[in-house]
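The values are calculated or read from the model by the stated rules, or taken from the named source; none is laboratory data. Nothing here was measured: the structure is a model prediction, and the numbers come from that model. Every residue, glycine as well, gets a Cβ built from its backbone with ideal geometry; the counts of neighbours run over all protein chains shown.
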Amino acid sequence: MRPETYEDWPAFVRSRPLVTGDAWTTRVASLLGVPQPLAVPTPRVVDVSEAGGLRTTELAWSVGFGPDLHAWLVHPTDADPGELPGVLALHSHAGIKSIGAKRLLAVPEAAAYQAAFEDGIAFANNVAARGVAVLAPDAFSWGSRRFDLSEPSGQLADLAGLLDGAGVSGVDLYDGLAKLHEHLVAKRAGAMGTSYAGMIAHDDLTSLAVLRSLVAGPIGVTGFSGGGGRALTLSALEPVDKVAIVAMMATYESLIPDYLDGHSWLLHTPGVGRVLGLPELAAGRRTHALQVAYCEQDTLFSLAGMEAADEALTRLFSGATGSYRGIFVPTPHQVTREIHDLVADFLTA
């Protein structure tokens, strides 16, 4: 058996109970079908590099099925991460699955993505330079956790033939196939009693546990676009100190029907929207500090839907022990330099 084919995925899901905890954790985990992770993983060191005053350590660990999960710990070279606060940086979707968390690092393979979506800035490095330890993990179906699509069949084989005929090859071919494959993975997950979002949350829970084992200070979680969706889901399942979301917040009502096609399965698990909206998920226990950056020219959301979410979050946090700040920036769906600074300031204050 080749682990990258995920042949052991169904048995893992069948063998694991759903995540439980306080009433909020149990409710969200039940809605998404999140399997309980195994014991806190012990990561192994794959590689270490230093540049620009930062040390980057590539780590890897088993989550119990499929290929090992790889993550990158970035922190100032002269600091011990065990004495620093921690930030879990969750990568976006972007229709790119050949790489995951590497898109947040200062590496050559991330340059095109960063130029298109991040104002040319390596998100993890930018935050780590403020004096924190940043862990950037791959997620289920991305990067090190991607599926092997080298021998496609059925619908994937048909698409592979079309893409090959159009001269598409390499990572572009993989990413083209992965867009359709996500629908198939979501179907399989639902049939198993979990969900695509639930499996991503499972992986993110293991990454959060690893980060907690490596740092001493408070924990912040952040993400852009799909990474923001991962951040709000993770913070609903496991309390953290701070959550920073970029370009991933609106009301469900504003997304249906015209905006759903531009989104993935990551945030739209069947049945969830009937009982919980995105603002309610992000507010959760209302004990954390939440910052949401809204991109006013974002074509993935209506401005009215973003404004309604901002109003809902303001109302939900009224009188809470936690806090909320919504910031509207006149930009399309991207992380501008201004937003990078807003997020880094918030997470490291």
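Only one entry of Val134, Val48 meets the criterion of being closer than 22 Å to Thr233 by Cβ and either in the same structural domain as Ile339 (by TED's automatic domain parsing) or not in a loop (DSSP other than H, G, I, E, B) (or both), and that entry is Val134. When we screen Ala312, Ala236, Ala289, Ala308 for residues that are of a type in the set (Gly, Ala, Ser), touching a Ser or Thr at 6+ places or on another chain (Cβ under 9 Å) and within 24 Å of Phe140 (Cβ to Cβ), the only hit is Ala236.
Taking first residues from segment 307-320 that are of a type in the set (Gly, Ala, Ser) and partners that are outside any helix (DSSP H, G or I), the Cβ contacts under 7 Å between residues at least 6 apart in sequence or on separate chains come to Ala308/Thr251; Ala309/Met249; Ala309/Ala250; Ala309/Thr251; Ala312/Thr251; Ala320/Arg286.
State yes or no: is Val28 surrounded by 12 or more Cβ atoms within 10 Å (Cβ to Cβ) and not in a loop (DSSP other than H, G, I, E, B)? It is true that Val28 is surrounded by 12 or more Cβ atoms within 10 Å (Cβ to Cβ) and not in a loop (DSSP other than H, G, I, E, B).
In segment 169-188, the residues that are closer than 18 Å to Ala110 by Cα form Cβ pairs under 8 Å with partners that are assigned to a helix (DSSP H, G or I) and of a type outside the set (A, V, I, L, M, F, W, C), at six or more places apart or across chains, as follows: Leu173/Asp164.
Within segment 218-277, the residues that satisfy the criterion of being in contact with a helix residue (DSSP H, G or I) (Cβ under 6 Å, 6 or more places away or on another chain), without any contact (Cβ under 8 Å) to a residue 40 or more places away in the chain and either part of a helix (DSSP H, G or I) or not assigned by TED's automatic domain parsing to the domain that holds Ala309 (or both) are Tyr252, Gly273.
Selection of segment 313-342 for residues being surrounded by 15 or more Cβ atoms within 10 Å (Cβ to Cβ), in contact with a Phe, Trp or Tyr (Cβ under 8 Å, 6 or more places away or on another chain) and part of a helix (DSSP H, G or I) yields Leu313, Leu316, His340.
When you scan segment 100-127, how many residues do you find that are in contact (Cβ under 8 Å) with a residue 60 or more places away in the chain and either of a type in the set (Phe, Trp, Tyr) or outside any helix (DSSP H, G or I) (or both)? Count: 5.
For segment 193-211, state whether one or more residues are more than 17 Å from the chain's Cα centre (by Cα) and assigned to a helix (DSSP H, G or I). The answer is no; no qualifying residue exists.
Criterion applied to Ala39, Ala11 was being surrounded by fewer than 13 Cβ atoms within 10 Å (Cβ to Cβ), assigned to a loop (DSSP other than H, G, I, E, B) and not β-branched (Val, Ile, Thr), and the one residue passing it is Ala39. The set of residues in segment 105-144 that are farther than 23 Å from Val215 by Cβ and either among the small types (Gly, Ala, Ser) or in contact with a strand residue (DSSP E or B) (Cβ under 8 Å, 6 or more places away or on another chain) (or both) comprises Ala110, Ala111, Ala112, Ala115, Ala116, Phe117, Glu118, Gly120, Ser141.
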